[in-house]
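Below you'll find the structure, written out as structure tokens, and then a few comments.
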Amino acid sequence: MSRQIEIVKNFMEESFDELSTCRREMHANPQTAYEETFSSNLVAGKLDEWGIQYERGWAKTGIIATIEGKRNDSKKSIGLRADLDALDITESTNLPYVSREQGKMHACGHDGHTATLLGAAKYLASTRNFNGKAILIFQPAEEVADSGAARMIEEGILNRYPMDMIYGIHNWPELPLGHAATRAGGMLASVDRFEVSISGRGGHGAMPHQTIDPIMTAIHMISQIQTIVSRELSALRPAVISVTNLHGGTGAASVIPEKTHFFGTVRTLNTKTREHILGRIKEICQSVAAGQGATAVCTFIKENVPTVNDAQAVQFSSAIAAELLGKQNVTTDCEPCMGGEDFGVFLQHIPGAFMFFGQAMPDSQNPCNRPLHNGGYDFNDELIKIGAAYFVRLVENALPI
């Protein structure tokens, strides 16, 4: 272990009680998209305490902090991002810092991500051992279709705070603590919602020939939609289409309804596949409806773009993770995840990389082992030290003094 890494690790160890207390305070006071005032105020208070310059009000509750190194003649900057928002989930952990907000919970570890970036901020402000600027993004509303990342970009963050590279992290209960994983290219999926409303002609269930049955029309549509992945896409182009809701009928067994409605989700790892699927869903629904004598209206809600890592950024960031955790504990070709993450919006504009950091413990009953978006989940505070050191070393290595 180099002397510099040892210094960073010791600093995080000494700051651990402060950072874990921050994390647990945020955990106990969760707020969802664009309402994250508790976490935002906590972040601002710590930045004030450490003498770090920042601006509030980005995407309503977001904060952008700037730390300039001992030198800035490189004219380069690196972005580090953490998310602030919680989820509409009821917590079931019974931890001392359990959520005080009924029906809301930090079930994805954003409280931990924020504490981790605070740890990096504290160290970087105290040492400034780099040449350039570190841009720290405390972003709201990662979990919703009205993406906080997209809104920040719309508000001009990239013009006011230009960044040469950007990096983000996510805790990962599927990996043991002390392990990390990433990959070049598509790492997390786009998230799109589709809705199809079908209008036919209702009538008596005993006389279906007098009707245009919207339920049968929906069944034909759903059946054909499910063949898009299996029959139109290469097996090397991962995608998921799931119809998750189907509504129709009056409740009476003898009545064929006039209208039916179904909706679901599409997940892909690249834009070309995404556009093909969405286009084909519309074509299938309209052609099937026409063939049945019905009409169909298709609506698409694009929630997240794919998170596509830059190959060079993956090589650089995985080397940083390896110096902290050991090369044998860092995977650079992990399987893509079909979950979504709006960090991909930043990666459409700035090269960078997203990294999973393991948090699972040997005890299988530990809440840190529970899956994300689960009422029994908890963030592993030990990961704060690892993630903060990772952020620090990214800056120090990308912007050498």
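The values are calculated or read from the model by the stated rules, or taken from the named source; none is laboratory data. Fair warning: this is a prediction, and the values are worked out from it, not measured in the lab. Cβ atoms come from the backbone with ideal geometry, glycine included; neighbour counts cover every protein chain shown. For the accessible areas, the whole protein counts, side chains as well, though only heavy atoms, and no ligand, DNA or RNA atoms are used. Shrake-Rupley method; radii C 1.70, N 1.55, O 1.52, S 1.80 Å.
What's the total number of residues in region 351-379 that are open to solvent by less than 10 Å² (accessible area, probe 1.4 Å) and in a loop (DSSP other than H, G, I, E, B)?
4
Would you confirm, using the coordinates I've provided, whether PRO336 is within 13 Å of MET187 (Cα to Cα) and either among the aromatic types (Phe, Trp, Tyr) or open to solvent by less than 20 Å² (accessible area, probe 1.4 Å) (or both)?
Criteria not met by PRO336.
When you go through ALA134, ALA120, ALA125, ALA149 one by one, which is the residue that is touching an Asp or Glu at 6+ places or on another chain (Cβ under 7 Å) and small (Gly, Ala, Ser)?
ALA149
Please find, within region 110-166, the residue that is farthest from the chain's Cα centre (by Cα) out of those that are more than 15 Å from SER15 (Cα to Cα) and among the aromatic types (Phe, Trp, Tyr).
Going through the qualifying residues, I end up with PHE130.
Checking SER223 against (1) within 23 Å of VAL266 (Cα to Cα); (2) assigned to a strand (DSSP E or B), which test does it fail?
(2)
Among the residues of region 113-124, are any among the polar types (S, T, N, Q) and in contact with a helix residue (DSSP H, G or I) (Cβ under 9 Å, 6 or more places away or on another chain)?
Yes, the conditions are met somewhere in region 113-124.
Got at least one residue in region 16-31 being open to solvent by 10 Å² or more (accessible area, probe 1.4 Å), in contact with a helix residue (DSSP H, G or I) (Cβ under 7 Å, 6 or more places away or on another chain) and not in a helix (DSSP H, G or I)?
Scanning region 16-31, I find at least one residue that is open to solvent by 10 Å² or more (accessible area, probe 1.4 Å), in contact with a helix residue (DSSP H, G or I) (Cβ under 7 Å, 6 or more places away or on another chain) and not in a helix (DSSP H, G or I), so the answer is yes.
Look at region 212-227 and say how many of its residues are crowded, with 21+ Cβ neighbours inside 10 Å and β-branched (Val, Ile, Thr).
2
ILE63: assigned to a strand (DSSP E or B) and either open to solvent by 10 Å² or more (accessible area, probe 1.4 Å) or closer than 30 Å to ASN374 by Cβ (or both), yes or no?
It is true that ILE63 is assigned to a strand (DSSP E or B) and either open to solvent by 10 Å² or more (accessible area, probe 1.4 Å) or closer than 30 Å to ASN374 by Cβ (or both).
Would you please name the residue that is nearest to GLU396 (Cα to Cα), looking only at residues in region 46-60 that are charged (D, E, K, R) and assigned to a strand (DSSP E or B)?
Looking at residues that are charged (D, E, K, R) and assigned to a strand (DSSP E or B), I get GLU55.
Inside region 80-121, can you point out the residues that are buried (at least 23 other Cβ atoms within 10 Å of the Cβ) and among the basic types (Lys, Arg)?
ARG81
Cβ contacts < 9 Å: first residue farther than 12 Å from ILE78 by Cα, restricted to region 157-169; second residue open to solvent by 30 Å² or more (accessible area, probe 1.4 Å) and assigned to a strand (DSSP E or B), any location; separation 6+ or different chain. Result?
Short answer, once both residue conditions are applied: ARG160/GLU55.
May I ask you to say which residue of ALA134, ALA120, ALA141 is touching a Phe, Trp or Tyr at 6+ places or on another chain (Cβ under 6 Å) and either closer than 25 Å to LEU177 by Cα or assigned to a strand (DSSP E or B) (or both)?
That would be ALA120, the only listed residue that is touching a Phe, Trp or Tyr at 6+ places or on another chain (Cβ under 6 Å) and either closer than 25 Å to LEU177 by Cα or assigned to a strand (DSSP E or B) (or both).
Report yes if some residue within region 174-195 is among the charged types (D, E, K, R), over 30 Å from GLN315 (Cα atoms), open to solvent by 30 Å² or more (accessible area, probe 1.4 Å) and in a loop (DSSP other than H, G, I, E, B); otherwise report no.
Looking through region 174-195, none of the residues is among the charged types (D, E, K, R), over 30 Å from GLN315 (Cα atoms), open to solvent by 30 Å² or more (accessible area, probe 1.4 Å) and in a loop (DSSP other than H, G, I, E, B).
When you look at GLU35, is it within 21 Å of the chain's Cα centre (by Cα), surrounded by 24 or more Cβ atoms within 10 Å (Cβ to Cβ), acidic (Asp, Glu) and more than 30 Å from ALA313 (Cα to Cα), yes or no?
The answer is no for GLU35.
Just checking, how many residues over region 331-368 are in contact with an Asp or Glu (Cβ under 9 Å, 6 or more places away or on another chain), within 13 Å of TYR167 (Cα to Cα) and among the hydrophobic types (A, V, I, L, M, F, W, C)?
Residues meeting the conditions: 6.
Any idea which of VAL288, VAL308, VAL297 is under 26 Å from ILE222 (Cβ atoms), assigned to a strand (DSSP E or B) and hydrophobic (A, V, I, L, M, F, W, C)?
Checking each option against the conditions leaves just VAL297.
Could you say which residue among ALA311, ALA252, ALA319, ALA239 is in contact with a helix residue (DSSP H, G or I) (Cβ under 6 Å, 6 or more places away or on another chain) and either open to solvent by less than 60 Å² (accessible area, probe 1.4 Å) or in contact (Cβ under 8 Å) with a residue 60 or more places away in the chain (or both)?
ALA239
Under 32 Å from the mean Cα position of the chain (by Cα), farther than 22 Å from GLY279 by Cβ and modelled with pLDDT of 95 or more, is that true of HIS209?
When the stated conditions are applied, HIS209 does not pass them.
Just to be sure I understand the filter: pairs with C-beta atoms under 8 Å, separated by 6 or more residues or on different chains, first member in region 98-119 and touching a residue at least 40 places away in the same chain (Cβ under 8 Å), second member of a type in the set (Lys, Arg) and open to solvent by 10 Å² or more (accessible area, probe 1.4 Å). Which pairs pass?
That search, which allows pairs on different chains as well, returns ASP111/ARG24; LEU118/LYS46; GLY119/LYS385.
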